[in-house]
1. Taking every DSSP beta bridge with both residues inside the protein assembly as shown, roughly what % is antiparallel (nearest 5)?
2. Under the Karplus relation 6.51 cos²θ - 1.76 cosθ + 1.60, θ = phi - 60°, what is the ordered set of whole-Hz ³J(HN,Hα) values for segment A:280-297, x standing for Gly and Pro?
3. Bin all alpha-carbon pair distances of the protein assembly as shown at 10 Å intervals from 0 and give each bin's fraction as a whole percent.
4. Using alpha carbons only, how many angstrom separate the centre of segment A:425-490 from the centre of segment A:142-210?
5. Go ahead and run the numbers for FRET between residue A:274 and residue B:169, Cβ-Cβ distance against an R0 of 60 Å, rounding to 0.05.
6. Give, to the nearest whole percent, the P(r) tail of segment A:173-306 beyond 20 angstrom, counting all Cα pairs.
7. Calculate the radius of gyration of the Cα atoms of segment A:1-123 to one decimal place, then report Dmax, the largest Cα-Cα distance, as a whole number, both in Å.
8. Counting DSSP beta bridges with both partners in chain B, what percentage is antiparallel, nearest 5?
Amino acid sequence: MKKLLSGNEAIALGAYESGVKVAAAYPGTPSTEILENLAKYPGLWAEWSPNEKVALDVAIGAAYAGQRALATMKMVGLNVAADSLFYVAYTGLVGGLVIVTADDPGMHSSQNEQDNRQYARFAKVPMVEPSDSQECKDFVGYALDISERFDAPVLLRTTTRVAHSQTAVEVEERSGPQGDGEPKSYKRDKAKYVMVPGYARARHPVVEQRLKDLAEFAETFEGNRIEWGSPDLGIISGGIAYQYAREVFKDASFLKLGMSYPLPERKIKEFASKVKRLLVVEDLDPFWEEQVRLMGVEVEGKKYFPMIGEFSPDVVRAGAVKAGLMEEKALAPVELPELPGRPPILCPGCRHRGVFFVLSKLKAVVNGDIGCYALGVNPPLAAVDTTGCMGASFGVVHGVNKAGIVERAVGVLGDSTFFHSGIAPLINIVYNGSNSTTIILDNHTTAMTGHQENPGTGRTLLGEPTDAIDIENLVRAIGVKDVRVVDPYDLKAVEAALKGAFATEGPSVIIATGPCVLKTREKRGVIVVDGERCNGCGLCLRVGCAAVVRASDKLVRIDELQCTGCTLCMQTCARKAMSLVEQGGR
Amino acid sequence: MVDSINFLFVGVGGQGIILVSDVVADVGLKLGLDAKKSEIHGMSQRGGSVESHVRWGDKVYSPIPAKGEVNYLVAMEILEAGRWAPYLAPDGEAIINNQQIASLSVSSGLARYPETERIVNIFAQRTKNVHLVEGLATARRMGNPAVAGVVLLGYLSSMLQYDEAAWLEVIEKRVPARFVKLNKEAFVEGRHLRG
Ligand SMILES: Cc1ncc(C[n+]2csc(CCOP(=O)(O)OP(=O)(O)O)c2C)c(N)n1
């Protein structure tokens with residue numbers, strides 16, 4: 001039976017059917033749904049680890065224990081887990097290990113646009129790359145087989161369009177996992193698994209030989225296939241770029257690479273020798289193009305196709321026109337007038353808003369972080385001054401303060417980010433003593449990526465109750481003496497906490513606590529505006545809430561559907577023109 | 001050369017675009033065609049624009065079409081319809097829910113929401129076939145504004161020559177049991193809106 005599955009759902013299904021026993025991940029778009037789906041299957045352990053490095057170490061442990069294992073992450077997550085990738089590349093494993101890296105060309109929801117095929121070459125491990133959901137499912141199985149056969153971790157790279165597009169997958173009615181999954185006796189082999197220099201030196205040649213063996217395997221790997229068309233044009237492509245290229249170059253011959261690294265040199269040369277002109281169509285870096293050129297094969301690619309941004313049929317077509325392979329489209333583009341944009345914004349009722357409103361008012365320098373609160377950069381709040389990668393805020397603010405500035409600098413991150421990579425830099429603030437105020441926006445969830453559990457929520461990925469880590473106790477245990485817990489809906493309290501913290505010598509932490517409204521859907525009521533009192537001064541618009549609307553008569557109106565009754569706008573009103581009508585109160 | 005039928009569903013986060021495009025993709029498979037569907041989730045649920053592509057064909061490669069290749073643009077919101085107009089094919093069909101949702105720049109008085117006429121005029125560059133549909137009003141009349149998308153789905157289905165049953169079966173599978181009846185009625189209502 002054919003069923004439409006997203007790439008992520010298909011990877012989960014493939015992992016289940018291939019007998020994956022342990023899967024660990026930290027959420028991150030576009031990879032998150034893999035573990036969310038895998039968690040629904042019986043007979044395996046799936047978890048949200050606090051960060052990607054922990055997730056990969058967990059999966060490695062399971063693979064050392066002889067079981068098939070999976071770790072998934074968005075592409076920047078592999079930066080966090082890179083240290084572990086490099087050691088497991090040396091040690092190898094017993095059970096198969098697949099590491100999914102979900103790249104995000106176009107940066108739909110990422111802070112950079114890195115091409116993680118480079119990690120395969122860097123760490124000297126194989127990488128497979130599906131082009132649709134059927135391949136997503138199948139390639140998990142191939143990758144596990146390759147992993148066990150070559151004693152290597154295997155990277156599986158998706159990109160946003162592959163991960164999130166739904167395409168047809170052949171699904172068996174009742175499929176079950178391979179293998180017995182029974183505990184095995186631990187295989188000790190110190191020279192292979194203890195990477196002290198003496199042993200590690202002996203492993204490096206093994207890794208180099210393994211790459212050669214894998215390149216040989218790639219020559220006959222069924223994922224690398226030639227589809228003959230016209231000999232006038234040969235295209236080497238893979239991943240989603242292959243789909244776009246097939247769409248644009250209808251008659252060309254294709255070498256479709258299902259294995260991104262290492263490359264099948266003989267196959268590439270054979271293909272090249274039979275076509276008149278050879279193009280590589282790949283998104284982001286010229287990863288294949290450069291290697292093909294190094295083989296001494298004449299090839300073109302990035303001369304015509306961009307290194308920046310996400311590919312699409314239009315982008316590939318534009319490259320084809322540039323390469324002189326196609327005429328410009330006759331269809332004139334539609335001319336668009338300037339239309340108001342609709343960027344993502346903090347939700348009505350979002351508790352982060354209260355903190356950013358006060359930070360903006362106090363003109364603090366805000367070293368921010370990655371989470372919904374990155375949206376605090378948008379006007380009118382415009383409160384965030386830096387955002388780099390997860391956990392950066394608390395390290396950066398310490399550096400800013402050690403250098404010394406005239407203003408007050410504040411570090412801001414969320415609960416999930418605190419557990420991910422905020423604890424070590426907070427320890428640093430205490431250990432190396434800076435006058436840093438840090439804020440933890442604790443909305444009891446990992447909101448940005450769709451409300452995943454985290455170590456503070458008291459539930460696991462499988463939905464089971466567990467001990468919640470108490471952020472306040474943890475912060476105190478680290479040695480922070482000035483800890484203030486505030487309700488971010490109470491602007492006065494937030495301001496008092498900040499001013500109090502600023503007056504303190506040494507580290508101070510403010511925990512702004514209260515649940516994410518998008519998750520709880522709470523509605524306390526709605527705000528109503530007294531048209532007699534409102535003079536249209538617009539102070540309340542500065543909270544930047546979509547429910548607070550400037551009406552045509554210049555006065556302010558509240559969109560009742562969107563308003564949650566959080567009262568932040570009301571607290572800013574100097575003329576007391578707003579009041580809360582509680583739910584059911586009318 | 002038309003070798004596939006391309007649909008594009010657009011609107012604002014929370015307008016039910018994902019459900020509607022899921023149904024269309026499933027119907028494609030049910031009709032024995034290849035089908036692909038693509039949307040970007042992530043930041044969009046925070047009130048941003050949402051788009052979802054569905055393509056039907058004998059064999060579909062790319063999950064997204066090129067600009068100027070969308071045969072049916074279904075917009076749940078008027079401003080968003082205008083934004084995605086460049087994707088519409090010459091003489092394509094634009095089916096637009098008569099609803100305006102202010103963006104933050106509009107609601108805070110920094111930008112003006114364009115008049116409907118201006119949006120319709122954008123489409124004049126490609127097509128005369130602009131259908132302003134009372135999806136929201138119909139859904140409200142039926143007691144639940146959330147089914148506006150399904151009303152538009154019914155309207156869309158009336159433009160394709162496939163029979164009603166396939167659509168209704170998919171809706172039944174896709175919608176939570178207690179909402180099936182309402183959604184089927186909304187679908188049929190939408191089919192009849194196109195006189
Ligand atoms: C290394 C890395 N992993 C994952 C992500 C994806 N990501 C972005 S924000 C975020 C979660 C933020 O959660 P939290 O700090 O609790 O803030 P909230 O969104 O709930 O406000 C995640 C997982 C990322 N950007 N970088």
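1. Working: 37 of 105 bridges.
If we restrict to bridges inside the protein assembly as shown, about 35 percent are antiparallel.
2. Ordered by residue, 3J(HN,Hα) equals 9, 10, 9, 7, 6, 6, x, 5, 7, 3, 5, 5, 5, 5, 5, 6, x, 9 Hz.
3. P(r) for the protein assembly as shown, in whole percents per bin: 3, 13, 21, 24, 21, 13, 5, 1, 0.
4. 34 Å
5. Numbers: r = 48 Å, r/R0 = 0.80.
That pair, residue A:274 with residue B:169, gives E of 0.80.
6. Working: 5092 of 8911 pairs.
Tail of the P(r) past 20 Å holds 57 percent of the pairs.
7. 13.8, 42
8. Values: 15 of 28 bridges.
Of the beta bridges lying entirely in chain B, close to 55 percent run antiparallel.
Read the figures in this text as sums done on the coordinates, not as results from a lab. All figures in this text were calculated on a predicted structure; none of them were measured in a lab. We place every Cβ from the backbone using ideal geometry, glycine too, and count neighbours over all the protein chains shown.
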